[in-house]
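The values are calculated or read from the model by the stated rules, or taken from the named source; none is laboratory data. Computed from a predicted structure; not experimentally measured. Ideal geometry is used to build each Cβ from the backbone, glycine not excepted, and the neighbour counts take in all protein chains shown. Please note that ligands, DNA and RNA were not included when accessible areas were found on the heavy atoms of the full protein model with its side chains. Shrake-Rupley method; radii C 1.70, N 1.55, O 1.52, S 1.80 Å.
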Amino acid sequence: AMPRMIAFRVHIQLAVWALAADQLVPASGIVLAGDFAPQGLSRAAAHFPQAAAHHGKEKPVLFIGIVSSPGKMAQRKEIRRTWMQLPAVKNGVVTARFFIGQPSNTTRDQILREEANYHRDIVRLPVAEGYNFLSNKTLWLLKWFAAHRNEPYVMKLDDDAWPYLHKLVPLLRAETAEYSLLGHIFPCAPVLSFGKWSEKPSVYNQSFYPTYAQGSGYILSAKLVHRLLSKEQKLLHNEDASVGYWIQMERHADPAMDVSIRHLHSTLYGCKSGDFISMNLKPGGMACMHDKFKRKDEEICCGKKVSMLQKSTEAGIKQKKSFANQKWKYWQRCYGNRTRADAESEVLGDIQD
């Protein structure tokens, strides 16, 4: 089980490269002291310039933290050439940065440093890479945002997802709640006991997660982020469920706390008309979408929906049935007595589309 994070003092031997306000700052040998709260970054804050004042007509609304990894240079290149060229980003209403942990070898580290120095859009975090460390990485992303940015909203986004900024920006401007979570919402998803997304009972021993947003892309209000970071947080194996758990625990401690949770229509594997976020896109999908956007096509989706599970092997069939069983539990809790055929038809239909 992953241990609970406690107050700590870590001396980072490797150079940490961080970017803010289009200025790259080498911060070799930083001492990060404190617990999991914004003030815990106070000693490091001097190494990171605050976000530059916005001199345009429209105020900044959204900061996007794109979660990437050292070897995904091609994905970052595609993003820089596509949705990072959209008007909302170019005029400063939206700012986006890549967040990357520590590479496993010095060669990859040097390549990443050169990329960061050239593009000036990468924040290096003192965390290990890999899915097992994603909850910790997301926590550090939120800590960095709380310490160094002033936008009223932050979005955690995977590097294979497309955010429809022309929809998201007006939506956020109209949002009035102090504490907000927006994304593809799962109100009571089952805790899995198999596969990549399984949760160890020693970490979380419930049958269902609290309400959370799909981890490929979700938005939190800055005020909610600051509140969540005001205390030590327990890390679950799945980072998106972790955020939902933190919110649930905060609401449990303060029943008067009102959190606005808004579902944004999104395609979890591919792209469909009406999306606010299109997730898990194939390589080249964003380039195709951007070409259509520039042509002002009404529909910018490209290609077919990506299959979530392999269908051609016995293992794939077994995994489908296990997934359908979990989804049936979800249906029973959320929607009452529906037929098992409804549950299986929906989940298998999602896989096969």
### Task
For the range 146-280, state what percent of all Cα-Cα pairs lands in each successive 5 Å bin, counting from 0 Å until the bin that includes the largest distance.
2, 9, 19, 22, 21, 15, 8, 3, 0
### Query
For Ser69, what is the net charge nearby, where nearby means another residue's Cβ is under 13 Å from its Cβ and Lys, Arg count +1, Asp, Glu -1?
-1
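Take the residue pairs Lys90/Lys294; Lys196/Lys272; Lys137/Lys272; Lys272/Lys292; Lys77/Lys167 and return only those whose Cα atoms are more than 19 Å apart.
Details: Lys90/Lys294 14 Å; Lys196/Lys272 26 Å; Lys137/Lys272 29 Å; Lys272/Lys292 14 Å; Lys77/Lys167 24 Å.
Over 19 Å Cα-Cα: Lys196/Lys272; Lys137/Lys272; Lys77/Lys167.
I'd like the carbon and sulfur percentage of the solvent accessible area for the range 77-120, probe radius 1.4 Å, heavy atoms only, ligands and nucleic acids excluded. Working shown, then result.
Numbers: 1020 of 2210 Å².
Using a 1.4 Å probe with all protein chains present, the range 77-120 comes out at 46 percent carbon and sulfur.
Nearest 0.05, what FRET efficiency do Thr176 and Lys272 give at R0 = 30 Å with Cβ-Cβ as r? Walk me through the numbers on the way to the answer.
Values: r = 29 Å, r/R0 = 0.96.
With R0 = 30 Å, the Cβ-Cβ based efficiency is 0.55.
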### Query
Alpha carbon centre of the range 77-153 versus the range 195-236: separation in Å?
20 Å
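Which semi-axes, in whole Å and largest first, does the equivalent ellipsoid of the range 214-263 have when worked out from the alpha carbon gyration tensor as the square roots of 5 times its eigenvalues? Kindly include the intermediate steps, with their values, before the conclusion.
On the way: eigenvalues 55, 39, 22 Å².
Working from the Cα gyration tensor, I get semi-axes of 17, 14, 10 Å.
Count charges around Lys156 for me, please; just the other residues with Cβ under 15 Å from its Cβ, Lys/Arg as +1, Asp/Glu as -1.
In short, -2.
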### Query
Nearest 20 debye, what's the magnitude of the dipole of the range 161-243 about its Cα centre given +1 on Lys and Arg Cβ and -1 on Asp and Glu Cβ?
80 debye
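For a Förster distance of 41 Å, can you work out the FRET efficiency between the beta-carbons of Ala253 and Lys282, rounded to the nearest 0.05?
Working: r = 42 Å, r/R0 = 1.03.
Using R0 = 41 Å, I get an efficiency of 0.45.
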### Task
Report Rg/Rh for the range 56-102, rounded to two decimals, where Rg is the Cα radius of gyration and Rh the Kirkwood radius.
1.03
### Query
For the range 55-212, what is the convex hull volume of its Cα atoms per residue in Å³?
147 Å³
### Query
When averaged across all projection directions, what area in nm² does the alpha-carbon convex hull of the range 102-150 cover?
3.9 nm²
### Task
Whole number please: convex hull volume per residue, Cα atoms of the range 71-153, in Å³.
107 Å³
### Message
Probe of 1.4 angstrom, ligands and nucleic acids ignored: what's the accessible area per residue over the range 54-165, in square angstrom?
### Response
39 Å²
### Query
When the Debye formula is applied to the Cα atoms of the range 220-301, each taken as the same point scatterer, what base-10 log of I(q)/I(0) results at q = 0.10, 0.16, 0.18, 0.23 Å⁻¹?
-0.42, -0.77, -0.84, -1.06
### log10 of Debye I(q)/I(0), alpha-carbon scatterers only, for the range 179-259 at 0.16 Å⁻¹
-0.59
### Query
Over the range 188-235, one equal point on each Cα, no solvent: what is log10 I(q)/I(0) by the Debye formula at q = 0.23 Å⁻¹?
-1.04
#### Entry: Local net charge near Ala146, Cβ-Cβ under 12 Å (Lys/Arg +1, Asp/Glu -1)
+3
